[in-house]
Amino acid sequence: MKVRNSPSIDIAGTSFSILMWVNLTNSTDGMDQAIVAKPWRSHSMQYPFYQYGVEFAANGTLNFYFGNSSGRPRGPFRMRPHIGIWTHVAFTYDGRLVRGYIDGREQIAVATGERWHPRDILINLLLFVPFGFGVAGMVRERGAPHLQAILFALASGCLLSLVVETAQCWLPTRDPSLLDVSTNTISAAIGGLWSAKRMRIEK
């Protein structure tokens, strides 16, 4: 069964549950079968693929996936269901743990750990360097000491990052993170230090 892609079935927060009754039979062609599949874009399974989805794999496991539009796919989170009988299946996420239940009994409880993705840390470290460089340069041109320019760049980076992360609390496709604030602040300070040293050398 297919339903029209709509914001009403988007993930709207940091916690959600998917519950269903299934009567599963093993695959005869060795292919995984999608039971629930909600992509980010209509008629498309482009990266990061599922907004949320449940597959019955050829190896006999139920696999739960979810992700967000910033490119953080999570899963598969696997549990083994009953075959050939009606079974109640539930997957829940509370912002920290993914739990899976078969007929009301918990089968898995797994921490996602998505906030410490090395790719995100690297991107955030590089993202605010130009910002810090520009802010420190403007402050130095107004006659401020080097240290003051660096501290101003650090504080500006921290404030801007806090505003962005706070705004993401109301965006269901984004994940606010204090780690992002920390890495953005550090990169703004690096940019400020770079700018101050460059101006000192030029003078």
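Any read-out appearing in this document is the output of simple, stated calculations on the displayed coordinates, not a laboratory observation. Since we're looking at a predicted model, the values are computed, not measured. Positions of Cβ are generated from backbone atoms using ideal geometry, with glycine treated the same way; all protein chains shown enter the neighbour counts.
When F49, F91 are ordered from fewest to most other Cβ atoms inside 10 Å of their Cβ, what list results?
On the way: F49 16, F91 26.
Fewest-to-most Cβ neighbours within 10 Å comes out as F49, F91.
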Run the simple label-point estimate for R41 and S8 please: 7 Å along Cα→C-beta, distance reported in nm. 2.5
Within-14-Å neighbourhood charge of V3 [Cβ basis; K, R +1; D, E -1]: +2
Pop a pseudo-label 7 angstrom from the Cα along the beta-carbon direction at both N59 and T87 and give the gap in nm to one decimal. 1.6
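Please work out the FRET efficiency for the pair N23 and V163, using the Cβ-Cβ distance as r and a Förster radius of 45 Å; give the result to the nearest 0.05. Present the calculation step by step, with values, prior to reporting the outcome.
Values: r = 50 Å, r/R0 = 1.11.
With R0 = 45 Å, the Cβ-Cβ based efficiency is 0.35.
Checking the a/c ratio against 1.5 first, then a/b against b/c, what shape does the Cα gyration tensor give for region 7-112?
On the way: a/c = 1.85, a/b = 1.28, b/c = 1.45.
Note, shape of region 7-112 comes out oblate.
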Excluding L159 itself, calculate the net charge of residues whose Cβ lies under 14 Å from the Cβ of L159, where each Lys or Arg counts +1 and each Asp or Glu counts -1. -2
